[in-house]
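Take a look at the structure below.
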Amino acid sequence: MDTYTIFARLAGAQVPQDRSIDGVDQTDFLLGKSDKSNREGFPAFVADCLEAVKWRNWKVVFYDEQRDWWTPPAKLGVPKVFDLITDPKEEYPATGIRNTWNAAPAMKIVVEFERSVEKHPPIAPGTPDP
């Protein structure tokens, strides 16, 4: 997600200013110069499908895990929520009324992403460079 901006900085290159770039420079965080990431969360896609949202130490998952290569993932009626601090392997969903509060900040990330795509639509495959 942020690799373009990170690699540009590490290489000493400037990120283009004439177009929208979906990336945040995380170099200081990755090199241990900052204790805090420049992102609180992000949408997680598999191909063109929004499968989950990570926000702080929480992950909200919209699809059940794919069992094999041939079975498509099943959309969940109610998302699963995982606390990645206490359950980094995502084995025990923290669902239930006590953990519904994290849906609002997670869905805010989805809304912000959708608005950004409306403002800056994806470049169609085969489009020549500007």
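The values are calculated or read from the model by the stated rules, or taken from the named source; none is laboratory data. Fair warning: this is a prediction, and the values are worked out from it, not measured in the lab. A quick note on method: Cβ atoms are made from the backbone with ideal geometry, for glycine too, and the neighbour counts reach across all protein chains shown.
Within region 11-25, which residues are in a loop (DSSP other than H, G, I, E, B) and farther than 30 Å from LEU76 by Cβ? I'd like the intermediate steps shown before the answer.
Residues of region 11-25 in a loop (DSSP other than H, G, I, E, B): 12-25.
Within region 11-25, GLY12, ALA13, GLN14, VAL15, PRO16, GLN17, ASP18, ARG19, SER20, ILE21, ASP25 qualify.
Any residue that is basic (Lys, Arg), assigned to a loop (DSSP other than H, G, I, E, B), closer than 19 Å to PHE7 by Cα and at pLDDT 85 or above - is there at least one of those in region 77-92?
No, region 77-92 contains no residue that is basic (Lys, Arg), assigned to a loop (DSSP other than H, G, I, E, B), closer than 19 Å to PHE7 by Cα and at pLDDT 85 or above.
For region 21-44, which positions are within 26 Å of MET107 (Cα to Cα) and loosely packed, with under 10 Cβ neighbours inside 10 Å?
ASP35, LYS36
Could you list all residues from region 45-56 that are surrounded by 13 or more Cβ atoms within 10 Å (Cβ to Cβ) and in a loop (DSSP other than H, G, I, E, B)?
ARG56
Quick one: how many residues across region 57-76 are in contact with a Leu (Cβ under 9 Å, 6 or more places away or on another chain) and either outside any strand (DSSP E or B) or of a type in the set (S, T, N, Q) (or both)? Write out each step before concluding.
To start, the set of residues in region 57-76 that are in contact with a Leu (Cβ under 9 Å, 6 or more places away or on another chain) comprises 57-59, 61-64.
Retained after the next criterion (residues that are either outside any strand (DSSP E or B) or of a type in the set (S, T, N, Q) (or both)): 57, 64.
Matching residues across region 57-76 total 2.
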